[in-house]
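The structure under discussion appears below in the form of C-alpha coordinates.
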Amino acid sequence: MANLVGFPHFEPLGAQHDRAAFSCGTAELDEYIKVLAGQHARKKISTTTVLLVDGPHRIAGYHSLSSTRLDLGELPPDLARQYPRYAEGIPATLLGRLAVDLFYRGHGWGEALLMNALERSYMATGVVASAFVIVRAIDSAATQFYARYGFSEFPGDSRRLYLPMRTVQHLVAGP
Ligand SMILES: CC(C)(COP(=O)(O)OP(=O)(O)OC[C@H]1O[C@@H](n2cnc3c(N)ncnc32)[C@H](O)[C@@H]1OP(=O)(O)O)[C@@H](O)C(=O)NCCC(=O)NCCS
(Lines give C-alpha, C1' and ligand atoms only; values in the text may rest on other atoms or scores of the structure.)
Protein backbone atom coordinates (compact mmCIF):
# COMPACT_ATOMS: atom_id res chain seq x y z
CA MET A 1 0.00 0.00 0.00
CA ALA A 2 1.23 3.51 -0.84
CA ASN A 3 2.70 5.58 1.98
CA LEU A 4 0.36 8.57 2.19
CA VAL A 5 2.09 10.39 5.04
CA GLY A 6 2.23 14.06 4.08
CA PHE A 7 -0.77 13.89 1.72
CA PRO A 8 -2.92 15.65 0.72
CA HIS A 9 -0.76 18.64 0.01
CA PHE A 10 -0.20 21.50 -2.42
CA GLU A 11 3.02 22.16 -4.35
CA PRO A 12 4.20 24.02 -7.45
CA LEU A 13 3.65 22.15 -10.73
CA GLY A 14 6.83 20.25 -11.61
CA ALA A 15 8.23 17.67 -14.04
CA GLN A 16 7.45 14.84 -11.59
CA HIS A 17 3.68 15.37 -11.90
CA ASP A 18 1.62 13.25 -14.29
CA ARG A 19 0.02 15.96 -16.40
CA ALA A 20 -1.05 13.53 -19.15
CA ALA A 21 -3.46 11.72 -16.80
CA PHE A 22 -5.30 14.87 -15.72
CA SER A 23 -8.90 15.05 -16.94
CA CYS A 24 -11.51 17.49 -15.61
CA GLY A 25 -13.95 17.21 -18.53
CA THR A 26 -13.23 20.70 -19.86
CA ALA A 27 -10.80 20.49 -22.79
CA GLU A 28 -9.41 24.01 -22.29
CA LEU A 29 -8.49 23.32 -18.65
CA ASP A 30 -6.98 19.90 -19.45
CA GLU A 31 -4.97 21.43 -22.27
CA TYR A 32 -3.75 24.21 -20.02
CA ILE A 33 -2.11 21.92 -17.46
CA LYS A 34 -0.73 19.58 -20.13
CA VAL A 35 0.75 22.17 -22.49
CA LEU A 36 0.77 25.75 -21.22
CA ALA A 37 1.13 25.79 -17.42
CA GLY A 38 4.83 24.84 -17.43
CA GLN A 39 5.68 27.36 -20.18
CA HIS A 40 3.77 30.11 -18.37
CA ALA A 41 5.57 29.33 -15.11
CA ARG A 42 8.97 29.60 -16.82
CA LYS A 43 8.02 32.94 -18.40
CA LYS A 44 6.56 34.17 -15.07
CA ILE A 45 3.14 34.67 -16.64
CA SER A 46 1.34 32.52 -14.09
CA THR A 47 2.10 30.15 -11.22
CA THR A 48 0.36 26.78 -11.17
CA THR A 49 -0.07 24.91 -7.89
CA VAL A 50 -1.18 21.28 -7.89
CA LEU A 51 -3.13 19.35 -5.26
CA LEU A 52 -1.76 15.86 -4.61
CA VAL A 53 -4.03 13.46 -2.73
CA ASP A 54 -2.83 9.88 -3.39
CA GLY A 55 0.91 10.29 -3.80
CA PRO A 56 3.55 12.45 -5.46
CA HIS A 57 2.56 12.07 -9.15
CA ARG A 58 -1.20 12.02 -9.71
CA ILE A 59 -2.73 15.52 -9.94
CA ALA A 60 -6.13 15.74 -8.20
CA GLY A 61 -6.58 19.40 -9.08
CA TYR A 62 -4.76 22.63 -9.80
CA HIS A 63 -5.06 26.38 -9.74
CA SER A 64 -3.14 29.14 -11.54
CA LEU A 65 -2.48 32.62 -10.20
CA SER A 66 -1.05 35.76 -11.76
CA SER A 67 -1.10 39.53 -11.42
CA THR A 68 -3.56 41.66 -13.30
CA ARG A 69 -5.06 45.15 -13.25
CA LEU A 70 -8.57 46.32 -12.72
CA ASP A 71 -10.21 49.44 -14.21
CA LEU A 72 -12.38 51.04 -11.55
CA GLY A 73 -15.04 51.60 -14.21
CA GLU A 74 -15.64 47.85 -14.24
CA LEU A 75 -16.83 47.87 -10.62
CA PRO A 76 -20.22 48.97 -9.26
CA PRO A 77 -19.88 52.74 -8.55
CA ASP A 78 -20.38 52.42 -4.75
CA LEU A 79 -17.43 50.04 -4.51
CA ALA A 80 -15.27 51.93 -7.03
CA ARG A 81 -15.57 55.12 -4.94
CA GLN A 82 -13.59 53.45 -2.14
CA TYR A 83 -10.43 53.17 -4.29
CA PRO A 84 -8.05 55.78 -5.77
CA ARG A 85 -8.45 56.65 -9.46
CA TYR A 86 -5.12 55.94 -11.13
CA ALA A 87 -4.63 55.83 -14.87
CA GLU A 88 -2.97 52.41 -14.44
CA GLY A 89 -6.03 51.05 -12.68
CA ILE A 90 -5.61 49.19 -9.40
CA PRO A 91 -3.67 46.02 -8.72
CA ALA A 92 -5.49 42.70 -8.58
CA THR A 93 -4.75 38.98 -8.55
CA LEU A 94 -6.11 36.75 -11.30
CA LEU A 95 -7.21 33.22 -10.41
CA GLY A 96 -7.05 32.28 -14.06
CA ARG A 97 -7.82 28.58 -13.78
CA LEU A 98 -8.99 26.10 -11.19
CA ALA A 99 -10.02 22.50 -11.89
CA VAL A 100 -10.52 19.17 -10.15
CA ASP A 101 -9.94 15.84 -11.95
CA LEU A 102 -13.26 13.98 -12.56
CA PHE A 103 -12.07 11.07 -10.35
CA TYR A 104 -11.79 13.41 -7.33
CA ARG A 105 -15.02 15.43 -7.77
CA GLY A 106 -17.53 16.03 -5.01
CA HIS A 107 -15.20 15.46 -2.04
CA GLY A 108 -14.40 19.02 -1.13
CA TRP A 109 -11.21 19.31 -3.20
CA GLY A 110 -12.59 22.19 -5.29
CA GLU A 111 -13.23 24.15 -2.13
CA ALA A 112 -9.79 23.22 -0.77
CA LEU A 113 -8.16 24.45 -4.00
CA LEU A 114 -10.09 27.71 -3.91
CA MET A 115 -9.17 28.33 -0.26
CA ASN A 116 -5.52 27.57 -1.02
CA ALA A 117 -5.59 30.01 -3.96
CA LEU A 118 -7.15 32.72 -1.79
CA GLU A 119 -4.67 32.10 1.02
CA ARG A 120 -1.73 32.36 -1.39
CA SER A 121 -3.22 35.50 -2.96
CA TYR A 122 -3.55 37.11 0.44
CA MET A 123 -0.06 36.04 1.61
CA ALA A 124 1.45 37.59 -1.53
CA THR A 125 -0.02 40.99 -0.63
CA GLY A 126 2.53 41.19 2.18
CA VAL A 127 5.13 41.75 -0.57
CA VAL A 128 3.17 43.03 -3.60
CA ALA A 129 -0.21 44.62 -2.91
CA SER A 130 -3.39 43.55 -4.65
CA ALA A 131 -6.86 44.89 -3.91
CA PHE A 132 -9.04 42.17 -5.51
CA VAL A 133 -9.04 38.54 -6.53
CA ILE A 134 -10.60 38.16 -9.98
CA VAL A 135 -11.75 34.89 -11.53
CA ARG A 136 -12.95 33.95 -14.99
CA ALA A 137 -15.60 31.25 -14.80
CA ILE A 138 -15.51 28.77 -17.65
CA ASP A 139 -19.31 28.34 -17.68
CA SER A 140 -22.45 29.18 -15.66
CA ALA A 141 -21.87 26.24 -13.26
CA ALA A 142 -18.44 27.66 -12.46
CA THR A 143 -20.03 31.08 -11.87
CA GLN A 144 -22.33 29.44 -9.30
CA PHE A 145 -19.40 27.65 -7.67
CA TYR A 146 -17.54 30.95 -7.12
CA ALA A 147 -20.68 32.80 -6.03
CA ARG A 148 -21.03 30.32 -3.12
CA TYR A 149 -17.81 31.74 -1.68
CA GLY A 150 -18.78 35.41 -1.95
CA PHE A 151 -17.53 36.31 -5.43
CA SER A 152 -19.68 38.91 -7.23
CA GLU A 153 -20.24 39.12 -10.97
CA PHE A 154 -18.88 42.20 -12.75
CA PRO A 155 -21.79 44.27 -14.05
CA GLY A 156 -22.44 43.17 -17.63
CA ASP A 157 -20.20 40.06 -17.53
CA SER A 158 -21.53 37.06 -15.60
CA ARG A 159 -18.40 35.03 -16.36
CA ARG A 160 -16.01 37.44 -14.63
CA LEU A 161 -16.22 37.73 -10.84
CA TYR A 162 -14.39 39.65 -8.13
CA LEU A 163 -13.77 39.37 -4.40
CA PRO A 164 -12.18 42.30 -2.48
CA MET A 165 -8.88 41.35 -0.84
CA ARG A 166 -10.30 42.70 2.46
CA THR A 167 -12.92 39.94 2.26
CA VAL A 168 -10.23 37.38 1.40
CA GLN A 169 -8.32 38.53 4.47
CA HIS A 170 -11.36 37.81 6.67
CA LEU A 171 -11.80 34.41 5.04
CA VAL A 172 -8.24 33.20 5.42
CA ALA A 173 -6.83 35.19 8.35
CA GLY A 174 -9.94 35.93 10.43
CA PRO A 175 -11.33 39.33 11.49
C1 LIG B 1 -16.10 23.45 -10.06
C2 LIG B 1 -15.19 22.35 -9.50
C3 LIG B 1 -13.80 22.93 -9.29
C4 LIG B 1 -15.76 21.82 -8.18
O5 LIG B 1 -14.90 20.80 -7.68
P6 LIG B 1 -15.39 19.74 -6.56
O7 LIG B 1 -14.19 19.13 -5.96
O8 LIG B 1 -16.38 18.81 -7.16
O9 LIG B 1 -16.14 20.70 -5.54
P10 LIG B 1 -16.32 20.49 -3.97
O11 LIG B 1 -16.57 19.04 -3.70
O12 LIG B 1 -15.20 21.13 -3.25
O13 LIG B 1 -17.65 21.33 -3.73
C14 LIG B 1 -17.65 22.46 -2.89
C15 LIG B 1 -19.06 23.01 -2.87
O16 LIG B 1 -19.37 23.57 -4.14
C17 LIG B 1 -20.52 22.95 -4.70
N18 LIG B 1 -20.27 22.81 -6.13
C19 LIG B 1 -19.41 21.98 -6.71
N20 LIG B 1 -19.44 22.15 -8.06
C21 LIG B 1 -20.36 23.10 -8.28
C22 LIG B 1 -20.85 23.71 -9.45
N23 LIG B 1 -20.40 23.37 -10.66
N24 LIG B 1 -21.79 24.68 -9.31
C25 LIG B 1 -22.27 25.04 -8.10
N26 LIG B 1 -21.83 24.49 -6.95
C27 LIG B 1 -20.89 23.54 -7.04
C28 LIG B 1 -20.64 21.62 -4.01
O29 LIG B 1 -21.97 21.16 -3.96
C30 LIG B 1 -20.09 21.93 -2.63
O31 LIG B 1 -21.10 22.48 -1.79
P32 LIG B 1 -21.62 21.69 -0.49
O33 LIG B 1 -20.41 21.54 0.40
O34 LIG B 1 -22.67 22.60 0.07
O35 LIG B 1 -22.12 20.39 -1.01
C36 LIG B 1 -15.13 21.14 -10.48
O37 LIG B 1 -16.45 20.70 -10.76
C38 LIG B 1 -14.40 21.40 -11.77
O39 LIG B 1 -13.19 21.27 -11.84
N40 LIG B 1 -15.17 21.72 -12.83
C41 LIG B 1 -14.62 21.92 -14.16
C42 LIG B 1 -13.77 23.16 -14.24
C43 LIG B 1 -14.40 24.38 -13.63
O44 LIG B 1 -15.58 24.63 -13.79
N45 LIG B 1 -13.55 25.16 -12.94
C46 LIG B 1 -13.97 26.35 -12.22
C47 LIG B 1 -13.84 27.61 -12.93
S48 LIG B 1 -12.82 27.81 -14.32
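The values are calculated or read from the model by the stated rules, or taken from the named source; none is laboratory data. Bear in mind that the values here come from a model prediction, so they are computed numbers and not experimental data. Each accessible area value is taken on the protein alone, full model and side chains, heavy atoms only, with ligands, DNA and RNA left out. Shrake-Rupley method; radii C 1.70, N 1.55, O 1.52, S 1.80 Å.
Observations, loosely collected:
- Per-residue ellipticity at 222 nm, computed for the chain from helices alone with -39500 (n - 2.57) per DSSP H run of at least four residues, works out to -7500 deg cm²/dmol.
- For the chain, the longest principal axis of the alpha carbon atoms and the long axis of helix 109-124 meet at an angle near 50°.
- The stretch 9-173 - share of DSSP beta bridges that are antiparallel (%, nearest 5): 85 percent
- Dividing the mean sequence gap of close Cα pairs (under 8 Å, 6+ apart) by how many residues the stretch 9-173 holds gives a relative contact order of 19 percent.
- In sequence order, calculated HN-Hα J values of the stretch 58-67 (Karplus, 6.51, -1.76, 1.60; Hz; x Gly/Pro): 6, 8, 7, x, 8, 9, 10, 10, 8, 8
- GNM flexibility winner over the chain from Val50, Val127, Val135 (Cα, springs under 10 Å): Val127
- When only Cα pairs below 8 angstrom with a gap of at least 6 residues are kept, the stretch 1-54 shows a relative contact order of 54 percent.
- Residues in the chain average 55 Å² of solvent-accessible surface per residue, probe 1.4 Å, ligands and nucleic acids excluded.
- Paired Rg and Dmax values of the stretch 9-173, which use every Cα atom, in angstrom: 15.9, 48
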